[in-house]
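One structure is given here, and the rest of the page talks about it.
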Ligand SMILES: Nc1ncnc2c1ncn2[C@@H]1O[C@H](COP(=O)(O)OP(=O)(O)OP(=O)(O)O)[C@@H](O)[C@H]1O
Ligand SMILES: [Mg+2]
C-alpha cells in the first residue's frame, strides 16, 4: 500500500501576468517504509513537491493522498492536523523558534497535539535522547551549532511519531562531516519503519537511498534512475571501452565513504 | 490547558520585551489610572454631598423660611405674624409630618464654666429637635417635656463645646453647671461626637484607598431608619396641647392625661383627629376644614390646659418600660399626675439610638439652617469653636486635620450645639415680659422663630406634605405667603444629575485615553507580528491551526492590557492618594470596588479589541508564506 500517492499534480505560481509551472503533472507512489531521495537541478520543483507532500501548500491540480487521506482539497484545519499527526518536516534552515530552548522547541508539536503534560514530557525527552542532545536541553538555538540545530529539528519532526518524514535539503547548510551524522539519523529513522523522503543536491546522499526520484522542469524524469545511476552506467561504459580498474576504484571510494559515514 | 499555555506564552512574550511592553501598556496604564481617578473623584464628591445633605438633616427635612410675599400681597403683608410658634403648633397637626422643631437662637451668648468660656450660638429647642436634626445623645438625656413645661435651666452640649469647657478629653459633664450670659444651667446631656466617615477612616489608620471602598457606602440619603416612637412628640410647656396624635393612640391616654390643668380634651378623644369632635370645646384641637379665620391661632392651637393624649400615652409607655426594666429609682414622680413626669432617660434615648442603627453616623443637623446659613454663621465669631475639636481622636498631620476641620465640616455646627429648652430661652433671653409664664411664648412681640424645621413622614408623600404645609401656614400667616420651603430634594436631585454629567464626561475622556492606549497596543502588536511571521510559520508547520495562532496573539494582547490595567490600578491608587492630598475639601476621592472592576474590565475589553485585528491577520497568513517571510 502506498503511503504517498501523487496523481497528476500541477502547481502553478502566478507572478503578475506570468504563470510558473513549478510542477507540471507529476504522478508517483512512495510505499510505506520507503527511503527515497528527490533530486534534480535547481528550480526543477523539488521544494515545491516537498511542500505539497508536507501539506504546507495544496496543488493547483491533481491529488495527493497521504496514508489514505486526500489532502489536496483539505481545509486549513485538516492540513494542520495532518502536519501535526502524520508528517515530520525538516527544513534546510532548521526553522527553530529562537525564543524557545531545545526542550520547548521539540515539545511544540505535542502542544498543538493537545497531549497531556506527563506524556508530553516523556515523549519530548525521548525524542531529544534519540538525537543525542540531552545535555543541551536548556540551550537556545543560537547557542547550538548547525548540526545540533538540525538534530533538534529532527527530534521535533520525530516527537509526535509521524509516519512520514520529509526533509528539504537537510544537510544543505551543513558541512559534509556534520551532514553525514544527520543522514545517519535519517537512516536510523527509516530503519524503524518510517517513510522518509529527502531532497538533496548531493549525488552521494542520493546514492545512499534505495530509490531516487528525479525532477526536471516540474516533471518526473525517472522514479528509479538517478544521476548517479547514469553516471555509473556512463562510467561503466567508459571502463568497458578502456580499462576496468578506475570503475571499481570509484565504486570502492564511494562505498568506503558510505561506510565511513556509517561508522564515524 | 492549551489556553493556559497561551497565557503563559503571553507573559513570556511580554517578559521577553519588557521595555517595549511597558511602553505599549503605557496608554492602558494611563487610561485605567485616569478612569479610576475620575471614578474616585466623582464618588468622593457624591459621598461628600450626600454626607453633607444627611448631616444637615437628610432629604426628609423641610425648613420653613421667610420670603418676600407676592407683589399682590405686599401692601397687606403686615397682617402676617411671620414665622411664629403658632406655625409649629399648626404644623404638628398634620399626619404627614413626623416632627416639627421650632427653635429660637441666641447668638453670641457667653457660655462659661469656671474660667473657661466660649461664644456659641445657643439654641432654644423642643424635644422634636432631636429627631428633626438627627441628633444623638451620648451621655445623659435630651431636654424633656418637663424641662419644657417648667422652663428648666438645663442645657445639652455638643462634644466640641464640652472639649472646650472641660479641658480634659472625653469628660462626662452631666450634672455639672455652666453659665449662659450669667444664668446658671445644669448640663443634662451631651450629644454624640459627630465624625465624618473620612475622619473616622483617618482615625482608624486605614490609609489604603482600597479599604475605603467598603466603608464609604454606608451613607445614603435615605439611610435614616425612622423610629417614630413615644419620643416623637413633645408637648408645650403648660400643656398647651400640641397634638401629635397617632392612630395608635388608644385608651391608654386616660391613664396619662396628666396635663397640668386637666381641662379640655380627654385622652380618648385625641386619637381620632380627623373626626370632628363635639366635646372639648374651643380646645378641641386643630380644625382646618371650613375654617376661614385668617387668625388661625384659636382654632388651631389647643387652648392652654388641653391635655396631650400622645404625651399621655408616651408617659404610660415610658412607665411601662421602666417597670419592665426594673429601673425604678426615679421616685414617684413619673407616676404622679401633674408631677414632674417623663424625664426621657438615657435608657429611652439609648433605645431610640439603637434603632437608628448603623446608618446613623451622618444623620445630624447642626443648629444652622441651610448650608448658606451655616456658612454665614460660620463666618461670624460666635460659633467658631471648631478648631479645638476632639483632642483625643485626631491623628496624622495636625495642620492638615485642622485645615479639613475648618473647611466645611458638615458636623461642625452640631458638634458645637448648645441646646436649652425653648421655653427657657423665651423666658430668660427673649421674652419682653418680665414675669413670663410658661405659655408666654405665644404672646409678646418677640415670638418669632429663628428656625422652623419639620421632618416629613415619608418620602413618597413629599409633595403632598409640602402642599399641606403650605395650606396650614397660609392659615397661620393669615393668607400671606411670606414663607417658602427649603428642602434638600432639589439639592439632592441636582447633585445626582450633575454627578451623572461629571461621570459621563469624565468617563468619555478616560474612555478615549483607554481607546488610544488600545490603539497603541494594536499598533505595537501589528509590528511585533510582522516581526514574528516566521515564528507563526514554524508553529503552523508543526501543526498549529489558524485559531491557535489567533488565540495566541489575542491572549498576548489581553495579557498586555490586563497587566497594563493592573499597573494602571496601582497608578490610579497613587493618583488618587495624590489627589486626596491636594484636594482638601470634603470630597476626598474614594476608590470603590465597582470602579476597579469597571476599569479592569474595560482594559481587558480594549485588549481584546486591540489584539483582534493583529490576531486575525496573523491567523490568515498561509504557513508557506509565513515560512518564506524574510
Ligand atoms: N512562491 C513562489 N512564487 C513564484 N514562483 C515560485 C515560488 N516558489 C517557487 N517558484 C518557482 O517554481 C520553480 C520551482 O521552484 P522550487 O523551489 O521548487 O525549486 P527547487 O527544485 O527546490 O530548486 P532548488 O534546488 O534551487 O531549491 C522555480 O522556477 C521557482 O522560481
Ligand atoms: Mg529547493
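Every number here is computed from the coordinates shown, using simple stated rules; none is lab data. Computed from a prediction, not measured in an experiment: that's the story for all the values here. No Cβ is skipped: glycine too gets one built from the backbone with ideal geometry, and neighbour counts run over all protein chains shown.
Listed values, structure above:
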read-out	value
Test item: A:77-84 mean partner chain Cβ contacts at 10 Å	5
Reciprocal of mean inverse Cα separation for segment A:13-170 (Kirkwood radius, Å)	16.9 Å
Kirkwood Rh, angstrom, segment B:1-82 [1 / mean 1/r, Cα pairs]	19.3 Å
Distance histogram for segment A:124-184 (every C-alpha pair counted, 5 angstrom bins, percent rounded to whole numbers)	4, 18, 30, 25, 18, 5, 0
Inter-chain Cβ neighbour average for residues B:541-553, partner chain, 10 Å	6
Cα pair distances in segment B:1-45, grouped into 10 Å bins until the bin that holds the longest one, percent each	25, 29, 27, 16, 3
Whole-Å distance, taken between Cα centres, linking segment B:513-590 and segment B:451-480	58 Å
Packing-based ranking, highest mean first, of B:525-534, B:90-99 given that Cβ atoms within 10 Å are counted	B:90-99, B:525-534
Size descriptor, Kirkwood hydrodynamic radius, that averages inverse alpha-carbon separations across segment B:24-166, Å	19.8 Å
Ordering of A:18-26, B:542-550 by burial proxy (mean other Cβ atoms within 10 Å per residue, highest first)	B:542-550, A:18-26
Between segment B:599-630 and segment B:54-123, the Cα center-to-center distance that results, in Å	69 Å
Rg/Rh ratio calculated on Cα atoms of segment B:545-585 (Kirkwood radius)	1.41
Peptide A:92-98 - average C-beta neighbours from other chains (10 Å radius)	3
